[in-house]
Amino acid sequence: MKASRVPALSMVIVDDLRQHLLLVLLFLALVASALAVIYVAHGHRLLVTERDQLLSERDQIDIEWRHLQIEQNTLTEHSRVERIAVQQLEMVRPQADEEVLVPWH
């Protein structure tokens, strides 16, 4: 009796891959597409988180800016400036004869 030769497993796999090349390519495209979807979704989540953080920071800066505007208006109020000039710096308004005009050339 003649011994039948069984092909090597690697040769069988290579032959099957050649016969079903289109299916293999479609499977690889499917895996690549799935990985791309995962990558894009992760990137989108990171960007949304960063945007929310930046919007929150913008709101805090806007609140601080409004407080600074109120503070500036309070500090530059004419009566307050005049009161500080008189009380702390002992300044007085000059008389008309004490004023000196500097000529402009």
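Only the coordinates and a few stated rules stand behind these numbers; no lab work does. A quick note: this is a predicted structure, and the numbers were derived from the prediction, not measured. Positions of Cβ are backbone-derived with ideal geometry, glycine not excepted, and every protein chain shown enters the neighbour counts.
For segment 1-104, what is the convex hull (Cα atoms) projected area averaged across all directions, in square nanometres? Walk me through the intermediate numbers first.
Numbers: hull surface 77.2 nm².
Over all viewing directions, segment 1-104 projects a mean Cα-hull area of 19.3 nm².
Label-to-label distance for Asp62 and His42 is 3.4 nm, based on points extended 7 Å past Cα in the beta-carbon direction.
Taking the average, over residues, of other Cβ atoms within 10 Å as the packing measure, peptides 66-75, 4-13 rank 66-75, 4-13 from highest down. Report the calculated FRET efficiency for Asp52 and Asn73 (r = Cβ-Cβ distance, R0 = 25 Å), to the nearest 0.05. The computed FRET efficiency comes out at 0.20.
For Arg93, what is the net charge nearby, where nearby means another residue's Cβ is under 15 Å from its Cβ and Lys, Arg count +1, Asp, Glu -1? The partial results should precede the final answer.
Values: positive: Arg83; negative: Glu82, Glu90, Asp97, Glu98, Glu99.
Value of the local net charge: -4.
Membrane-span-like helices in the chain (whole DSSP H runs, Cα extent of at least 18 Å along the helix axis, mean Kyte-Doolittle hydropathy of at least 0.0): 21-75. Note on His105 and Leu35: their simple-model spin labels are 7.9 nm apart, each label 7 Å out from Cα toward Cβ.
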